[in-house]
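To start, the structure itself, in structure tokens.
Every read-out reported here was derived from the displayed coordinates using simple, explicitly stated rules and does not represent laboratory data. What you are looking at is a predicted structure, and each value in this text was computed from that prediction instead of being measured. Ideal geometry is used to build each Cβ from the backbone, glycine not excepted, and the neighbour counts take in all protein chains shown.
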Amino acid sequence: MKFLSATFAYLVIALILGAGILMAVHGHLWLLAIGGLVYVLLFAAIGCKS
């Protein structure tokens with residue numbers, strides 16, 4: 001179950017970052033900034049638990 005939830009979380013953050021990169025090309029950086037911040041926070045939270 002942990003593997004499936006980790007895979008799902010990784011796919012969701014990848015989609016958010018991908019959409020943020022596409023929006024950044026057109027001058028809108030807010031989704032990329034939020035996605036990057038969420039990625040760093042989740043990486044730190046999950047990394048410290050293991």
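Every residue, every condition in (1) surrounded by 12 or more Cβ atoms within 10 Å (Cβ to Cβ); (2) touching a Leu at 6+ places or on another chain (Cβ under 6 Å); (3) in contact (Cβ under 8 Å) with a residue 40 or more places away in the chain; (4) at positive phi, yes or no:
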position	(1), (2), (3), (4)
5	no, no, no, no
27	no, no, no, yes
42	yes, no, no, no
48	no, no, no, no
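Scan the stretch 10-17 and give yes if some residue there is on the phi < 0 side of the Ramachandran plot, not charged (D, E, K, R) and not in a helix (DSSP H, G or I), otherwise no.
For the stretch 10-17, residues on the phi < 0 side of the Ramachandran plot, not charged (D, E, K, R) and not in a helix (DSSP H, G or I): absent.
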